[in-house]
1. Quick check on the range 21-81: what does the Kirkwood estimate of hydrodynamic radius come out to from the alpha carbon pairs, in Å?
2. Measure up LYS146/LYS180; LYS88/LYS122; LYS115/LYS146; LYS146/LYS220; LYS88/LYS146; LYS88/LYS205 against 20 Å on the Cα-Cα distance and list the ones that go over.
3. From the mean inverse distance of alpha carbon pairs (Kirkwood) and the Cα radius of gyration, derive Rg over Rh for the range 117-177.
4. Show me the ranking of peptides 66-78, 13-25 by mean Cβ neighbours inside 10 Å, starting with the highest.
5. Can you tally the net charge around GLY138? Count Lys and Arg as +1, Asp and Glu as -1, for every other residue whose Cβ sits under 9 Å from the Cβ of GLY138.
6. Cα convex hull of the range 80-123: how many Å³ per residue?
7. Please calculate how many Å² of accessible area the range 1-157 carries per residue, with a 1.4 Å probe and no DNA, RNA or ligand atoms counted.
8. Can you give the Rg and Dmax of the range 32-164 based on its C-alpha atoms, in angstrom?
Amino acid sequence: MSSPIIVFDLDGTLVDTAPDLLESLNHSLGAGGVPHTDATGFRSFVGHGGRVMIERAFAASRTPLPVAEHDRLFALFIDHYGENIPGKSLPYPGVLDALDRFADAGFLMAVCTNKTEGFSRKLLEALDMTRYFAAICGQDTFAFRKPDPRHLTETIAMAGGDRDRAVMVGDSQTDIDTAKAAGIPVVAVDFGYTDRHAREFEPSKIISHFDELTVALADKLIAAAN
């Protein structure tokens, strides 16, 4: 029998990257002549990557955004973000203790994120976290990405885990929809990057701190799913 596995989203779940994403967004907006936003505004723009954040910020300021300008500003966003990893990004409180708990209990662990694989690895390496994960799969690892359930199931396969003994942990509707489509229980953190509360998407469980993510909880969710 394959090992049980717990699969994590990255931004807004394992690592608080908001300060650096906000700085890169404002760098891009400034180059486009649009006013900078703050942490509150950022939460209304975030959730589907840099391109969508730029689009939403322009829409909020009622400024036209031609395709060529969108492409230019997105390239600036990507360059700025990549050059400044890890910046101010840090794992959320309790994350490292939780990873240690699951490692000690014999769980495999993996990351399934819509961040690019290269940026994901660079961030996790800078934070000394890659050692925990049997697979780190980004938006460009496969020919599909979340909410396609194959992104999750292929991440599990790459890590050597058992999809029938798996749990997903994420912060967004995308994560929850992906896990549900794969038939895998999903734990949602309620502090991530979404402008709607996780309860609206009906995950298997909601937590407010990683201290609540226990091996007993994972075992219970896996048992209930089978």
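The values are calculated or read from the model by the stated rules, or taken from the named source; none is laboratory data. The shown structure was predicted, so the numbers you read here are calculated from the model rather than taken from an experiment. Reconstructed Cβ throughout: ideal geometry from the backbone, glycine too, with neighbour counts over all protein chains shown. Quick note on the areas: whole protein, heavy atoms, side chains included, nothing else; ligands and nucleic acids left out. Shrake-Rupley method; radii C 1.70, N 1.55, O 1.52, S 1.80 Å.
1. This gives a value of 11.0 Å.
2. Over 20 Å Cα-Cα: LYS146/LYS220; LYS88/LYS146; LYS88/LYS205.
3. Value, to two decimals: 0.95.
4. 13-25, 66-78
5. +1
6. It comes to 81 Å³ per residue, whole-number rounded.
7. About 44 Å² of surface per residue is accessible.
8. Considering the range 32-164 through its Cα atoms, Rg and Dmax are 17.4, 53 Å.
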